[in-house]
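Heads up: the structure comes next, in structure tokens.
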Amino acid sequence: MVLVDKQVILSEEEKRLQEDRERTKYWKRWGPYVAERQWATVTTEMPGVVGIPSTSAMRSLLIPPADFTHDMARSRAFRWGEDGIAGVSDSHGLQNIAFAFWNEKDDFLKERLFGLSNPQGNHGESIKEAHFHLDNTPTHSYMKFLYKYPQKRFPYEDIIKTNAKRTREEREYNLIDTGIFGDDRYWDIFIETAKEGDDEEELLFRVTAYNRGPEPAPLHIVPHVWFRNTWAWGHGDKKPSIRQVGPTTAQTKHEKLGERYLQLSPSPGVGRSGQDVQPELIFTDNDTNYMALYGSKENKTPYVKDAFHRYIVDDERQAVNPKRMGTKSAAWYAFDEGEGVPPGECAVVRFRLSRKNDGYLDEELFDDIMEQRMAEAD
């Protein structure tokens with residue numbers, strides 16, 4: 001705020017804050033409210049989570065439990081919250097947007113941040129990743145996140161075993177200590193989120209992934225849109241839904257949030273053909289895979305939470321819903337033509353979550369809005 005000739009001049013962000021305070025617009029409805037790590041926390045372990053009793057939470061509410069592991073998080077539905085990389089949700093955590101990646105070396109998608117549970121770490125819990133929150137305005141009109149994703153196989157076992165051997169008097173063994181970033185064989189993945197200047201419900205997302213390594217490398221960028229599981233434990237009258245309504249468009253419906261449209265844009269290709277990378281929309285349900293986790297004879301739904309791992313990484317074509325509908329969706333962008341993205345170059349993904357169904361995404365207008373929000377944040 002500045003005074004010019006005794007008149008108050010507000011910046012664009014200050015105007016948005018004023019509208020939010022006066023409740024003329026709900027600018028803070030959507031924000032970075034998705035946990036980076038929901039697994040192995042007390043809230044995931046409260047008794048009765050999706051019908052599964054816990055022992056750790058009963059023992060203590062002070063020490064986060066280990067009954068809900070990082071491996072289980074792929075297949076087991078959360079009750080009280082969700083997690084993801086650079087995640088955004090509504091203020092009640094009902095509808096979530098986050099990002100997954102695959103380097104063709106890992107055994108599963110990089111869908112959430114990895115770390116240690118309290119019993120595994122020599123200094124308690126800690127996240128073992130390289131991630132940075134770079135920017136965020138008070139109304140979340142512009143957000144920027146940096147994730148450094150290794151091109152080699154992620155050293156999950158090494159981190160767990162080495163930390164287990166260390167005492168409290170020794171330093172922690174972190175991701176950078178493993179040598180995984182040697183020769184700069186990693187991706188700098190910048191994830192930006194912006195809102196339209198006059199509509200707080202219009203969300204724009206842009207992912208720009210730079211190959212910092214010395215050789216070409218493949219990368220799969222898989223943005224997720226899903227609903228937190230409230231139906232499995234009887235909260236809410238109607239089960240939400242997501243379904244494909246166009247080649248690059250999906251419609252989401254929730255009784256409290258209304259209708260929205262996931263609008264995707266083809267991405268510039270990185271191979272010699274020059275062909276665009278077309279997103280493939282895939283669908284499943286955000287429900288627990290009881291068969292995989294507990295040896296049950298069948299699941300409550302044929303399409304379960306870990307379907308995208310199985311479909312993309314394990315090539316299980318039957319894992320996703322052929323009717324292209326569910327409560328969890330993803331857009332699979334495969335930058336894998338030839339040997340992948342050349343060194344020094346980048347892969348770019350653009351999409352928006354909108355109350356309007358325009359049928360396509362205007363990339364030039366999209367980038368103009370993104371740059372304007374960035375300028376206002378600066």
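The values are calculated or read from the model by the stated rules, or taken from the named source; none is laboratory data. Since the structure is predicted, the reported quantities are computational estimates derived from the model, not experimental observations. When we count neighbours, we look across all protein chains shown, and the Cβ atoms used for this are built from the backbone with ideal geometry, even at glycine. Remember, those area values only see protein heavy atoms, side chains included, never the ligands or the DNA or RNA. Shrake-Rupley method; radii C 1.70, N 1.55, O 1.52, S 1.80 Å.
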Hits in the stretch 97-141 (condition: of a type in the set (A, V, I, L, M) and either over 18 Å from Tyr33 (Cβ atoms) or open to solvent by 30 Å² or more (accessible area, probe 1.4 Å) (or both)): Ala100, Leu109, Leu116, Ile127, Ala130, Leu134
Those residues of the stretch 341-378 which are open to solvent by less than 30 Å² (accessible area, probe 1.4 Å) and of a type in the set (Phe, Trp, Tyr), in sequence order: Phe351, Phe366
Residue in the stretch 41-50 that is at pLDDT 90 or above and open to solvent by less than 10 Å² (accessible area, probe 1.4 Å) present: no
Any chance Gly338 is exposed (fewer than 15 other Cβ atoms within 10 Å of the Cβ), of a type outside the set (A, V, I, L, M, F, W, C), touching a Lys or Arg at 6+ places or on another chain (Cβ under 8 Å) and over 27 Å from Gly234 (Cα atoms): yes
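Just wondering, is there one or more residues in the stretch 230-241 that are open to solvent by 30 Å² or more (accessible area, probe 1.4 Å), closer than 26 Å to Phe308 by Cβ, at pLDDT 95 or above and in a strand (DSSP E or B)?
Looking for residues that are open to solvent by 30 Å² or more (accessible area, probe 1.4 Å), closer than 26 Å to Phe308 by Cβ, at pLDDT 95 or above and in a strand (DSSP E or B), one finds at least one in the stretch 230-241, hence yes.
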Phe145 open to solvent by 30 Å² or more (accessible area, probe 1.4 Å), of a type in the set (Phe, Trp, Tyr), under 27 Å from Phe335 (Cβ atoms) and modelled with pLDDT of 95 or more: no
Odd one out for Phe68 among (1) buried (at least 22 other Cβ atoms within 10 Å of the Cβ); (2) touching a residue at least 60 places away in the same chain (Cβ under 8 Å); (3) in a loop (DSSP other than H, G, I, E, B): (2)
Count of residues meeting criterion [open to solvent by less than 60 Å² (accessible area, probe 1.4 Å), out of contact with any Leu (no Cβ under 6 Å at 6 or more places or on another chain) and in contact (Cβ under 8 Å) with a residue 40 or more places away in the chain] in the stretch 263-279: 6
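Between Ala57, Ala66, which is touching an Asp or Glu at 6+ places or on another chain (Cβ under 8 Å) and either modelled with pLDDT under 60 or within 30 Å of Pro155 (Cα to Cα) (or both)? Don't jump to the end; show me each part of the working.
On the way: Ala66 fails: touching an Asp or Glu at 6+ places or on another chain (Cβ under 8 Å).
Going through Ala57, Ala66 in turn, the sole match is Ala57.
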